[in-house]
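Shown next, in structure tokens, is the structure this report addresses.
The values are calculated or read from the model by the stated rules, or taken from the named source; none is laboratory data. Source: prediction; values computed, not measured. Heads up, the Cβs are rebuilt from the backbone with ideal geometry, glycines too, and the neighbour counts pull from every protein chain shown. Please note that ligands, DNA and RNA were not included when accessible areas were found on the heavy atoms of the full protein model with its side chains. Shrake-Rupley method; radii C 1.70, N 1.55, O 1.52, S 1.80 Å.
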Amino acid sequence: MRIFLDTADIDEIREAARWGILSGITTNPTLMMKSGGKSHEAVIREIAEIVDGPISAETISLDTEGMLVEARRFAKWHPNVVVKVPSTPNGWAAVKRLKEEGIRTNVTLCFSANQALFAALAGAYIISPFVGRLDDISEDGMQVVRDTVEIYRKHNLPTLVLAASIRHPLHIIDAAKAGADIATVPFKVLELAAKHPLTDKGIDNFLKDWQKFTEETGGRQA
Ligand code: G3P
């Protein structure tokens, strides 16, 4: 399973990219709003300079023609741009047309395996089931990921399953166990998942012991 960062914050992207584990980026209008006053195009182009992998940019049109206009504009910004459209009949219609034009899509706001099936049938490159937002309403969000993976594998549908709306480190593990191709993770969750107190304690102890060792040997082992 690949890890994407769910952010439009350039500092977070630079830091996660430095770790060597980052394969792509997802953005949405809410994340763009938090990104600090630059244009949509400027942010996506800046991300593309840092990350060599799919970068999702979201449309805001509700009608198919509007989505197509936005998608064609986004696709010119960088070859790695993947266009996000919503899980609606208009969204699936846009996916079909964009696939014919060679523009990759990420079908977002997916909350059921039926919506995931329809996105794949339309030719989506990525489907994004929203795990956390289903958990928020007392439904098992990860079950949509499990069902989607099972349906896609059983019917040889090549659409990639991207677990979105990831809220805590266990979601990452569960998405990987469910067979998701990608999990898109907020930077805060990535940091939480990266840390373990025993790792920090172990480093601390090794450094102290090494210090004692070099003092005893008069620095000869340094
Ligand atoms: O990018 C879409 C998704 O990951 C949003 O997550 O936390 O706003 O439900 P959240």
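Check the straight Cα-Cα distances from Lys188 and name the aspartates and glutamates below 13 Å, setting aside those fewer than 8 residues away within the same chain. Within the straight-line cut-off, Lys188 pairs with Asp6, Asp9, Asp11, Glu12, Glu15.
Across the accessible surface of the range 2-196, with the other protein chains kept in place and a 1.4 Å probe, carbon and sulfur atoms take up 54 percent. Considering only trypsin sites (Lys or Arg not before Pro) in DSSP loops that have at most 11 other Cβ atoms within 10 Å, the longest stretch of the chain without any of them is 35-194. For Phe130, neighbours were defined as the other residues whose beta-carbon sits under 15 Å from its Cβ, and their charges (Lys and Arg +1, Asp and Glu -1) total -4. All Cα-Cα distances of the chain, cut into 5 Å bins from zero to the largest, leave 1, 7, 14, 16, 18, 14, 10, 5, 3, 3, 3, 2, 2, 1, 0, 0 percent in each bin in turn. Lysine pairs in the range 1-145 whose alpha-carbon atoms fall under 29 angstrom of each other, counting only those eight or more residues apart or on distinct chains, come to 9. Taking all protein chains together and a 1.4 Å probe, the residues His78, His171 rank His78, His171 from largest to smallest accessible area.
Averaging the sequence gap over all C-alpha pairs within less than 8 Å and six or more residues apart, then dividing by the number of residues, gives the chain a relative contact order of 16 percent. Largest accessible area first, the listed residues Leu5, Leu22 line up as Leu22, Leu5 when surface is computed with a 1.4 Å probe on the assembled protein chains. The residues of the chain expose, per residue, 52 Å² of accessible area to a 1.4 Å probe. Backbone phi angles across the range 28-35, fed through the Karplus curve with coefficients 6.51, -1.76 and 1.60 (θ = phi - 60°), yield HN-Hα couplings of 8, x, 5, 5, 4, 4, 8, 8 Hz in residue order; Gly and Pro are listed as x. For Thr27, the shell of other residues with beta-carbons less than 13 Å away shows a net charge of -2, using +1 for Lys and Arg and -1 for Asp and Glu.
Where both residues lie in the chain, what percent of DSSP beta bridges are antiparallel, nearest 5? Among the beta bridges of the chain, antiparallel pairing accounts for roughly 0 percent. With contacts taken as Cα pairs under 8 Å and at least 6 residues apart, the range 1-113 reaches a relative contact order of 20 percent.
Please tell me the relative contact order of the range 76-185 in percent, rounded to the nearest whole number, where contacts are Cα pairs under 8 Å and at least six residues apart.
21
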